[in-house]
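Everything below concerns the one structure shown next.
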Amino acid sequence: MFSLQFRMWLMLTVLFGIIYAVIVVAGQYMGISNFYFYLGISVAIMFFQYLIGPKIVEWSMGVKYTSREQNPKLYQMVEDQARRANIPTPKIGISQMSIPNAFAFGRGISDGRVCVTQGIMNLLEDNELKAVLGHEISHLRNRDVLTITLLSIIPMILYRVAWNFLFFGNRRDSREGGTNTMLIGLAAFIFYFITNLMVLYASRIREYFADKGSVALGNRPEVMASALYKLVYGSARMPKDALKEAEGMKAFFVNDPSCAVSDIKELSQLDLDKSGTIDRSELNLLQRGEIKLKTSDKMMELLSTHPNMLKRIKHLSSLNA
């Protein structure tokens, strides 16, 4: 866990170091007032997204909020996990999407919403569903939505700086043929790509933290692992049209449905007794063993919001309930 925290803080330091360097260099060539104009636009766009984000998610996912009277078992699970996490009970929603999954969103802890799809309620056992809800509650407690939103400002600023220097240039540099402005624009674009990868990396780290948080809330690691296994299996069986419906929102999910077909090939090897679950003994075998990923799997993870599922369950195997 300390390793995850160290990597997260190191990544944040590098991210903000990059944006500070860009501010200094860009400020010299385009005038500090111009830079603040682009900074202001970026922050304004992110703030607007932050304000209307919950409504967009509700509309995109077809979320209908429910109550204790309508779904007493689901409400009790969420309430129990929120109490253990010492946060207010979030609003509870159900999406009619057939893809088995769950997600959390909101502007903060006091505005938290936890939602499940109809598909996950038909797939998981109660203890598995509770572990997934603990994962989502942990996202809210850790303020992950706000963290990723704030980090996403950095690539956006770099993109705008790159666009300005590459396509408009700086009039003061015209005597040198625009060489300096082109170099700054190219550097900003390269850093834009790098920081995008770093934001994706931050998102993957947050998933590890949320898994750890679910275990800390009383859910056993093997139960969370079984839930992930079943979610991958359920997603792999879905038609491609159903997966496309959730393409733009998969970052909110517990797992990435678009990777389910490749994930299930790896995870099926863990289910030695072919029970459809991963028990403690199977998890212990994974803990003692080494995992080897193909280059294609490593590249896919690099561009994903979620960790490789085999690595993720390996991480769960090291946790004690």
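Details
Residue-by-condition table, conditions (1) at pLDDT 70 or above; (2) surrounded by 17 or more Cβ atoms within 10 Å (Cβ to Cβ); (3) more than 22 Å from the chain's Cα centre (by Cα):
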residue: LEU129; (1), (2), (3): yes, yes, no
residue: VAL132; (1), (2), (3): yes, yes, no
residue: HIS139; (1), (2), (3): yes, yes, no
residue: SER152; (1), (2), (3): no, yes, no
residue: VAL161; (1), (2), (3): yes, yes, yes
residue: ASP173; (1), (2), (3): no, yes, yes
residue: ALA187; (1), (2), (3): yes, yes, yes
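- Entirely in segment 1-116, the helices (runs of 4 or more DSSP H) that have 3 or more residues that are in contact with a strand residue (DSSP E or B) (Cβ under 9 Å, 6 or more places away or on another chain), modelled with pLDDT of 65 or more and surrounded by fewer than 19 Cβ atoms within 10 Å (Cβ to Cβ): 32-61
- Residues of segment 46-105 satisfying the condition of being farther than 19 Å from ALA251 by Cα and among the polar types (S, T, N, Q): THR66, SER67, GLN70, ASN71, GLN76, GLN81, ASN86, THR89
- Neighbours by Cβ (under 7 Å, 6+ apart or cross-chain): first from segment 269-285, in contact (Cβ under 8 Å) with a residue 24 or more places away in the chain; second of a type in the set (Gly, Ala, Ser) and part of a loop (DSSP other than H, G, I, E, B): none
Conditions tested, residue by residue: (1) in contact (Cβ under 8 Å) with a residue 12 or more places away in the chain; (2) farther than 30 Å from ALA187 by Cβ; (3) among the aliphatic types (A, V, I, L, M).
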| position | (1), (2), (3) |
| --- | --- |
| LEU124 | yes, yes, yes |
| ARG141 | yes, yes, no |
| LEU151 | yes, no, yes |
| ILE157 | yes, no, yes |
| VAL161 | yes, no, yes |
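- From the list MET182, MET156, MET198, the lone residue that is at pLDDT 75 or above, over 30 Å from ILE313 (Cα atoms) and assigned to a helix (DSSP H, G or I) is MET182.
- Restricting segment 273-311 to residues that are assigned to a loop (DSSP other than H, G, I, E, B) and either in contact with a strand residue (DSSP E or B) (Cβ under 7 Å, 6 or more places away or on another chain) or among the polar types (S, T, N, Q) (or both), the residue that is nearest to LEU231 (Cα to Cα) is THR277.
- Residue within segment 234-247 that is touching a residue at least 12 places away in the same chain (Cβ under 8 Å), surrounded by 23 or more Cβ atoms within 10 Å (Cβ to Cβ) and farther than 19 Å from SER95 by Cβ present: no
- Criterion: in a helix (DSSP H, G or I) and either surrounded by fewer than 17 Cβ atoms within 10 Å (Cβ to Cβ) or modelled with pLDDT of 90 or more (or both) - qualifying residue of GLY218, GLY213: GLY213
- Count of segment 232-261 residues, restricted to those that are among the small types (Gly, Ala, Ser) and either modelled with pLDDT of 85 or more or more than 21 Å from ARG204 (Cβ to Cβ) (or both), is 5.
The values are calculated or read from the model by the stated rules, or taken from the named source; none is laboratory data. Everything numeric in this text was worked out from a predicted model, so none of it was measured. Note that we place each Cβ from the backbone using ideal geometry, even for glycine, and neighbour counts take in every protein chain shown.
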